[in-house]
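Here the structure comes first, spelled out in structure tokens, and everything after it is commentary.
The values are calculated or read from the model by the stated rules, or taken from the named source; none is laboratory data. Since this is a predicted model, take the numbers as computed values, not measurements. So basically every Cβ, Gly included, is an ideal-geometry build from the backbone, and we count neighbours across all protein chains shown. Please note that ligands, DNA and RNA were not included when accessible areas were found on the heavy atoms of the full protein model with its side chains. Shrake-Rupley method; radii C 1.70, N 1.55, O 1.52, S 1.80 Å.
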Amino acid sequence: IGSAQNYLRVYNPQASWRTAPANIDEAIFTLAPHGAYTEVGMYLTFSAKGAESLFTPDLPLEVRFDFQLPREAMVTDSWLWVDDQIIQAKILDRWTASQIYESIVNRRRDPSILFKESSGRYRLQIYPLPMGKSRKVKLTFLVPNSWSENEVKMAIPESLVSLSRNVPDLQVRVFPSAEWTNPRVYTHPDVPFRD
């Protein structure tokens with residue numbers, strides 16, 4: 001997955017030309033077998049740390065995260081943390097979802113929206129992101145495995161984390177099963193898993 005098509009910024013939705021790099025403060029990927037697929041949970045915590053001089057302290061910002069997944073990936077759900085509650089997204093057609101999202105942003109409430117732009121290309125928008133605070137999301141998607149006689153492989157889209165102003169340590173958590181007795185990340189084969 002190339003990073004040329006990926007984008008991570010914060011901006012003022014009332015003056016969208018003013019943007020700044022965003023941070024991913026925490027990145028956790030969970031992996032679980034799901035038939036011929038791997039179910040990937042991508043937990044990301046976004047902030048505007050480092051952009052304090054560009055925006056007024058009380059200005060609610062919006063996060064825009066354009067990213068690419070393998071073309072065969074299927075996004076199955078999206079979650080947004082609102083204070084201490086986790087809210088699951090509804091799957092709607094693009095026009096309806098856009099209308100709802102824009103009316104919420106104009107009223108300054110708590111939404112997120114995930115668009116599928118084209119095969120493998122997505123856009124996530126989150127509002128509001130108060131300066132000095134963070135917003136957490138979870139995206140779940142299925143990725144087909146590559147099977148051989150001795151192993152099952154799948155790619156983790158870890159390059160998405162490198163878009164952050166300050167790149168966090170990536171945590172990968174695997175849910176073991178009878179099908180996955182010796183998990184490894186083939187891009188980092190020497191990294192051991194702990195129970």
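Looking only at residues in segment 41-54 that are open to solvent by 60 Å² or more (accessible area, probe 1.4 Å) and not basic (Lys, Arg), the one that is nearest to Ser134 (Cα to Cα) is Glu52. Within segment 12-28, being open to solvent by less than 30 Å² (accessible area, probe 1.4 Å) and either polar (S, T, N, Q) or more than 18 Å from Ser164 (Cα to Cα) (or both) holds for Asn12, Ala15, Asn23.
Select, from Thr38, Thr76, Thr140, the only residue that is farther than 22 Å from Arg9 by Cα and surrounded by 17 or more Cβ atoms within 10 Å (Cβ to Cβ). Show your work before the answer.
On the way: Thr76 fails: surrounded by 17 or more Cβ atoms within 10 Å (Cβ to Cβ); Thr140 fails: farther than 22 Å from Arg9 by Cα.
Result: Thr38 is the single residue among Thr38, Thr76, Thr140 that is farther than 22 Å from Arg9 by Cα and surrounded by 17 or more Cβ atoms within 10 Å (Cβ to Cβ).
Across segment 83-92, which residue is most open to solvent (accessible area, probe 1.4 Å) among those that are in a strand (DSSP E or B) and modelled with pLDDT under 85? Give the steps one after another, and end with the answer.
Initially, segment 83-92 is screened for residues in a strand (DSSP E or B), giving 85-88.
Filter once more, so that each one left must be modelled with pLDDT under 85: 87-88.
Working: Ile87: 80, Gln88: 96 Å².
Ranking the candidates gives Gln88 first.
For segment 4-14, the criterion of being assigned to a strand (DSSP E or B) and within 30 Å of Glu151 (Cβ to Cβ) is met by none of the residues.
Picking from Val167, Val161, which residue would you name as being in a loop (DSSP other than H, G, I, E, B) and modelled with pLDDT of 75 or more? Reasoning before the result, please.
Details: Val161 fails: in a loop (DSSP other than H, G, I, E, B).
One residue alone meets the criteria, Val167.
Scanning segment 126-151 for residues that are assigned to a strand (DSSP E or B), modelled with pLDDT under 90 and either small (Gly, Ala, Ser) or out of contact with any strand residue (DSSP E or B) (no Cβ under 7 Å at 6 or more places or on another chain) (or both) yields Ser146, Trp147.
Yes/no per residue for (1) open to solvent by 60 Å² or more (accessible area, probe 1.4 Å); (2) at pLDDT below 90; (3) of a type in the set (Lys, Arg):
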site	(1), (2), (3)
Thr56	yes, yes, no
Glu62	no, no, no
Phe65	no, no, no
Arg94	yes, yes, yes
Arg107	yes, yes, yes
Leu124	no, no, no
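Every listed requirement among (1) over 12 Å from the mean Cα position of the chain (by Cα); (2) closer than 20 Å to Ser164 by Cα is met by Phe46 save one, (1).
Considering Phe29, Phe55, which residue is part of a strand (DSSP E or B) and touching a residue at least 60 places away in the same chain (Cβ under 8 Å)? Talk me through it step by step, then tell me what you get.
Values: Phe55 fails: part of a strand (DSSP E or B).
Of the residues listed, the single one that is part of a strand (DSSP E or B) and touching a residue at least 60 places away in the same chain (Cβ under 8 Å) is Phe29.
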